[in-house]
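Shown next, in C-alpha cells, is the structure this report addresses.
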C-alpha cells in the first residue's frame, strides 16, 4: 500500500525554529544572497531576532548591507562570542557546515532546505492522508519503479525535511527534461515554457532537430535568452507568460529562474493561452513556470487533445500539483503514461513526464 510507505514525523524546519526560539544564543546568518532572503523571511515570521550577517573573508566588502544589517567578516563575529548559533544561507552548504561544526564557538549549525522555504506545503502528511485514494491511484499509474520511489521520497522529504532518500534518487546530469525515455526526432516542435536563459533550448538543439518556441517574460532572463540563442535559426522567442487565458497579470521579476506570477509582483506582464499563441503541431511541451503550470496546461487543452505531445511538467511548486496536474492531463487524454524524475540536491526539480502510448 502507498500510504504505508509515508512516514509521519516532526518536520525538521519546525523543530529547528522551535530550538532557535527556546535557546537564546546570538544568531548569525552566514550568507547574503537569495537563499538568505528566504531565511530572513522565516525568522521574521517566527519573531526570531537575527544578530549578525556574515560572509567569508574572501567575499567581505566593507560598508555593505543585507537589507538593514551590516555584512560582517565571519572571523570578526565568531571570535567575540563564546557560543553562537549559525544558519547557513547559501545552497552549496556542505563544506561550510562541516567546517563550522568543528568551530568551538558554534553551538549548532543549521541549514534550512531551499525547497521547504520557498514551497512550504504545511502539514503535508494530513493532505496526503486526506487524499490517500487519489495518491494511491497516481502511484499505481506511474510507469516504473524509479518513478514510484521518487514519489514516495519526495512526499516523505516534504513531511520530514530529511532529503537523503530523495537526493539518492537524483538524476545527476546536464540534460534535465530529456531522460532516457524521451526520444527526439528530426522534425520536433519543442515548446519551452519558462525558457529562462535558453539553457533547455540549447540542450534540445544539441539532441534533436526542429522548431523551438521559447516563452519567457522576465526582462533580465529575456536578455540572456536572446544573447545565448542568437546563433539558433530555428527558435522563436515569445515575450509572454503561459496561462489559461489572455490577460495582464502582476509578476515578480528579477528573480532569475524563480521569477513568477504573483499578486505581490512588481511589474505587469502579458500572458496568454498556448492554444492562442501556437497554431502548428506540437511534439514536446515543457513547463517550469513557478506554480502556474496547471493554469498553463488549461490554456493548452487543444494542443494536448489534438497532438498528444510528450509533456515535461514541474510538479513541486504547489502542494496539490502532484495530484492535480496528472489528473488534469488524464482528463484531456487517457493515453498518457507517467514518469517522475528528480534533479538537483533539494526538495525541488521534481518533473512529471507524460508520454502518450504508441510513441
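The values are calculated or read from the model by the stated rules, or taken from the named source; none is laboratory data. Bear in mind that the values here come from a model prediction, so they are computed numbers and not experimental data. Using ideal geometry, Cβ is built from the backbone for each residue, glycine included, and neighbour counts are taken over all protein chains shown.
Does the stretch 168-178 contain at least one residue that is assigned to a helix (DSSP H, G or I), in contact with a helix residue (DSSP H, G or I) (Cβ under 9 Å, 6 or more places away or on another chain) and farther than 21 Å from residue 16 by Cα?
Taking the stretch 168-178 and keeping what is assigned to a helix (DSSP H, G or I), we get 168.
Those left that are additionally in contact with a helix residue (DSSP H, G or I) (Cβ under 9 Å, 6 or more places away or on another chain): 168.
Add one more test, that the residue is farther than 21 Å from residue 16 by Cα, and what stays is 168.
Within the stretch 168-178, one or more residues are assigned to a helix (DSSP H, G or I), in contact with a helix residue (DSSP H, G or I) (Cβ under 9 Å, 6 or more places away or on another chain) and farther than 21 Å from residue 16 by Cα.
For the condition crowded, with 16+ Cβ neighbours inside 10 Å, over 30 Å from residue 16 (Cβ atoms) and modelled with pLDDT under 95, what is the one hit in 161, 208?
Numbers: 161 fails: over 30 Å from residue 16 (Cβ atoms).
From the options 161, 208, the qualifying one is 208.
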TODO: Among residues belonging to the stretch 123-140 that are within 16 Å of residue 11 (Cα to Cα) and without any contact (Cβ under 8 Å) to a residue 40 or more places away in the chain, point out the one that is surrounded by the most Cβ atoms within 10 Å (Cβ to Cβ).
DONE: 123
Open item on the list: Please determine whether any residue of the stretch 280-288 is free of Cβ contacts under 8 Å to residues at least 60 places away in the same chain, assigned by TED's automatic domain parsing to the domain that holds residue 187 and part of a loop (DSSP other than H, G, I, E, B).
Closed with: no
Task: helices (runs of 4 or more DSSP H) wholly inside the stretch 83-149 that include at least 1 residues being over 21 Å from the mean Cα position of the chain (by Cα) - done: 94-101, 124-130, 132-141
Task: Hey, residue 344 closer than 20 Å to residue 246 by Cβ and either in a strand (DSSP E or B) or within 22 Å of the chain's Cα centre (by Cα) (or both) or not - done: no
Task: Breaking point among (1) under 18 Å from residue 244 (Cβ atoms); (2) in contact (Cβ under 8 Å) with a residue 24 or more places away in the chain, for residue 323 - done: (1)
Open item on the list: Pairs needed: first member in the stretch 141-152, surrounded by 19 or more Cβ atoms within 10 Å (Cβ to Cβ); second member anywhere, assigned to a loop (DSSP other than H, G, I, E, B); C-beta distance under 6 Å; at least 6 residues apart or different chains.
Closed with: 150/169
TODO: Kindly indicate the residue of the stretch 347-359 that is closer than 15 Å to residue 143 by Cβ and crowded, with 19+ Cβ neighbours inside 10 Å and also farthest from the chain's Cα centre (by Cα) among those meeting that condition.
DONE: 355
Open item on the list: Tell me yes or no: at least one residue of the stretch 292-307 is crowded, with 21+ Cβ neighbours inside 10 Å, at pLDDT below 95 and touching a strand residue (DSSP E or B) at 6+ places or on another chain (Cβ under 8 Å).
Closed with: yes
